[in-house]
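Trainee: Quick one: the structure is below, and I'll ask about it shortly.
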Amino acid sequence: MDLSFTPEEQKFREDIRAWVKDNLPQEISHKVHNALELTRDDMQRWAKILGKKGWLGYGWPTEFGGPGWTAIQRHLFEEETALAGAPRIVPFGPVMVAPVIQAFGNAEQQKRFLPGIASGEVWWSQGYSEPGSGSDLASVKTKAERQGDKYIVNGQKTWTTLGQYGDWMFNLVRTSNEGKPQTGISFLLLDMKSPGVTVRPIKLLDGSHEVNEVWFDNVEVPAENLIGEENKGWTYAKHLLSHERTNIADVNRAKRELERLKRIARSEGVWDDVRFRDEIARLEVDVVALEMLVLRVLSAASSGKNSLDIAGLLKIKGSEIQQRYSELMMLAGGPYSLPLVREAMAAGWQGNFPGGNPALAPLSSTFFNMRKTTIYGGSNEVQRNIVAQTVLG
Ligand SMILES: Cc1cc2nc3c(=O)[nH]c(=O)nc-3n(C[C@H](O)[C@H](O)[C@H](O)COP(=O)(O)OP(=O)(O)OC[C@H]3O[C@@H](n4cnc5c(N)ncnc54)[C@H](O)[C@@H]3O)c2cc1C
């Protein structure tokens, strides 16, 4: 297995780097490098810049207007954008639902939905989880009843990330109670502006608004918004989840955050403590090991082998690394990491942060926020079960 890049791939990397340097707004990369708050406009502005270039759907094949890049090229694009301080692409449209529409949607659906995703104009949300149906996703209860040429949807989704901005939502809905729970699920696209849809915020510990509850009260959804066949939604859902878990590993963001950790350790003086540097070195070894694992997956993918069976492993390791760097940043800042001053997390804040180093302002919020990484996208305990079954047999 050859893990080094070819001269063409190196050239590709340089081209991406040059383009990102010219096109990523500096005020956005400043926020990302310093973990300051990103607004909806920041996220969508970058999405539209990528969309204009034809790169928001950077994993898409050319037949759907994507660049048709290889797995290695996609990795290089992700790495260059992350290291330059680009916001993470909000995955629900381009990374999650688009591959499902491409693989299982009909021509009409592809024509209708893919352009808005590719351009970054339309914001999508993920409607999988419900109260009581997270790990046990096949138990979803939100009901869609067919009445003529439409479905009537009733029920509740939860933990809907950034659903407050959502234009459209892809949902797992129950269309049958016959047989195994998996065989009665359908995959439905729902316009969030429809009458009967209510989005309520779930306030987080740090006061921020990132996740939501979404309620459906007799929401009418045209039957033409059903993806594939009725009661076959579980197959499409699994196709999507494998993309979600690879995406969550986020090794390139880990590399960028490692540099931020080193900056904070230096500015707080703990860099001089050899035991603290040991901790950073240990984390760096883990990040390099994760990168090697990602490259092995990519190398396998380019030689035609199925790589997604270890997606769960990437998710487990990547999420643990994300939690670890947020912990080490807290330790580096000591007691001054603890105060939560929300205003200090907005770009341009001029107040006095306790202890005097405003770089510490986002740390406690990031620390708590990162607890989610071992839960969402399928909890790590459940991923371990899946890895045990698929890899170890
Ligand atoms: C910040 C955040 C954002 C999210 N965003 C979205 C979103 O946009 N859309 C969406 O649909 N969902 C979203 N989710 C939901 C997420 O996918 C679920 O939280 C996750 O699947 C876990 O389900 P649960 O919360 O119901 O926990 P539960 O399934 O109730 O699990 C509780 C605990 O039991 C453990 N457990 C459960 N089953 C087993 C088992 N078989 N073996 C061993 N341990 C087990 C779990 O690991 C966990 O520790 C988000 C979650 C979070 C935290």
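What follows is calculated from the coordinates using simple rules that are stated; it is not laboratory data. Since the structure is predicted, the reported quantities are computational estimates derived from the model, not experimental observations. When we count neighbours, we look across all protein chains shown, and the Cβ atoms used for this are built from the backbone with ideal geometry, even at glycine.
Trainee: Given H placed on each backbone N at 1.01 Å, which residues far from GLY65 in sequence or on other chains put an amide H within less than 5 Å of it?
Mentor: none
Trainee: Return the sequence-ordered ³J(HN,Hα) values of the range 95-103 in whole Hz as given by the Karplus equation 6.51 cos²θ - 1.76 cosθ + 1.60 applied to θ = phi - 60°, using x for Gly and Pro.
Mentor: So the Karplus estimates, Gly and Pro as x, are 9, 9, 6, 4, x, 6, 4, 5, 7 Hz.
Trainee: Dipole magnitude of the range 250-390 about its Cα centre, charges +1 at Lys/Arg Cβ and -1 at Asp/Glu Cβ only, in debye to the nearest 20?
Mentor: Result for the range 250-390 is approximately 280 debye, rounded to the nearest 20.
Trainee: For ASP273, project a label point 7 Å along Cα to C-beta. Then give me every residue of the range 326-341 with its amide nitrogen under 18 Å of that point.
Mentor: Those under the cut-off are 326-339.
Trainee: Checking the cross-link filter: which lysines have an alpha carbon closer than 25 Å to that of LYS53, excluding same-chain neighbours under 8 positions apart?
Mentor: LYS11, LYS21, LYS31, LYS111
Trainee: Taking the chain as the reference, fit the longest principal axis to its C-alpha atoms, fit the long axis of helix 107-119 to the helix C-alpha atoms, and give the angle between the two in degrees, 0 to 90, nearest 10.
Mentor: The angle comes out near 20 degrees.
Trainee: If amide H atoms are built 1.01 Å from N in the plane of the peptide, which residues on other chains or at least 5 residues away come under 5 Å of the amide H of TRP60?
Mentor: Placed amide hydrogens put GLY68 under 5 Å from TRP60.
Trainee: According to the square roots a ≥ b ≥ c of the eigenvalues of the Cα gyration tensor, what is the shape class of the range 248-377, taking rounded for a/c under 1.5, prolate for a/b larger than b/c otherwise, and oblate for the remainder?
Mentor: prolate
Trainee: Then there is this: Any chance you could give the angle, 0 to 90 degrees and rounded to 10, that helix 40-53 forms with the longest Cα principal axis of the chain?
Mentor: Rounded to the nearest ten degrees, it is 80.
Trainee: Could you tell me how far the Cα centroid of the range 172-202 sits from the Cα centroid of the range 130-147, in Å?
Mentor: Cα centroid to Cα centroid, the span is 7 Å.
Trainee: Residues with amide H under 5 Å of GLU130's amide H, sequence separation 5 or more or different chain, H placed in the peptide plane at 1.01 Å from N; which?
Mentor: THR158
Trainee: From the backbone phi of the range 316-322, what are the Karplus-calculated ³J(HN,Hα) couplings (6.51 cos²θ - 1.76 cosθ + 1.60, θ = phi - 60°) in whole Hz, Gly and Pro given as x?
Mentor: After applying 6.51 cos²θ - 1.76 cosθ + 1.60, I find 4, 5, x, 5, 5, 5, 4 Hz.
Trainee: Arrange the peptides 194-207, 82-95 so that the one whose residues have, on average, the most other Cβ atoms within 10 Å appears first.
Mentor: Output ranking for 194-207, 82-95: 82-95, 194-207.
Trainee: Right, another one. Answer rounded, prolate or oblate for the range 124-231, using the Cα gyration tensor with square roots of eigenvalues a ≥ b ≥ c: rounded when a/c is under 1.5, else prolate when a/b is larger than b/c, else oblate.
Mentor: Oblate shape, in that a/c is at least 1.5 and b/c is the bigger or equal ratio.
Trainee: Let me ask something else about it. In debye, nearest 20, what is the charge dipole magnitude of the range 7-89 about its Cα centre with +1 on Lys and Arg Cβ and -1 on Asp and Glu Cβ, if you could check?
Mentor: Dipole of the range 7-89, to the nearest 20 debye: 200 debye.
Trainee: Taking a ≥ b ≥ c as the square roots of the eigenvalues of the Cα gyration tensor of the range 7-89, is the shape rounded (a/c under 1.5), prolate (a/b larger than b/c) or oblate?
Mentor: Since a/c reaches 1.5 but b/c is at least a/b, the shape of the range 7-89 is classed as oblate.
Trainee: Give me the dipole magnitude in Debye, nearest 20, for the chain about the Cα centre, with unit charges on the beta carbon: positive for Lys and Arg, negative for Asp and Glu.
Mentor: 140 debye
Trainee: Could you tell me which residue out of VAL287, VAL153, TRP168 lies farthest along the dipole of the chain toward its positive end? Charges go on the beta carbon: Lys and Arg +1, Asp and Glu -1, centred on the Cα centre.
Mentor: Farthest along the dipole direction, towards plus: VAL287.
Trainee: A 18 angstrom limit on the alpha carbon distance is what I want to check against. Which of LYS141/LYS232; LYS48/LYS255; LYS180/LYS315; LYS157/LYS193; LYS255/LYS317 exceed it?
Mentor: LYS48/LYS255; LYS180/LYS315
Trainee: Each residue of the range 85-94 in turn: what ³J(HN,Hα) in whole Hz from Karplus with 6.51, -1.76, 1.60 and θ = phi - 60°, glycine and Pro shown as x?
Mentor: x, 7, x, 5, 4, 5, x, 4, x, x
Trainee: Can you tell which of PRO25, GLY228, PRO339 lies farthest toward the positive end of the dipole of the chain, using +1 and -1 charges on the Cβ of basic and acidic side chains (Lys, Arg; Asp, Glu)?
Mentor: PRO339
Trainee: In addition: Can you tell me the equivalent ellipsoid semi-axes for the chain? Use √(5λ) from the Cα gyration tensor, largest first, whole Å.
Mentor: 35, 25, 21
Trainee: Roughly what angle does helix 71-84 make with the longest principal axis of the chain, taking Cα atoms, 0 to 90 degrees, to the nearest 10?
Mentor: 50 degrees
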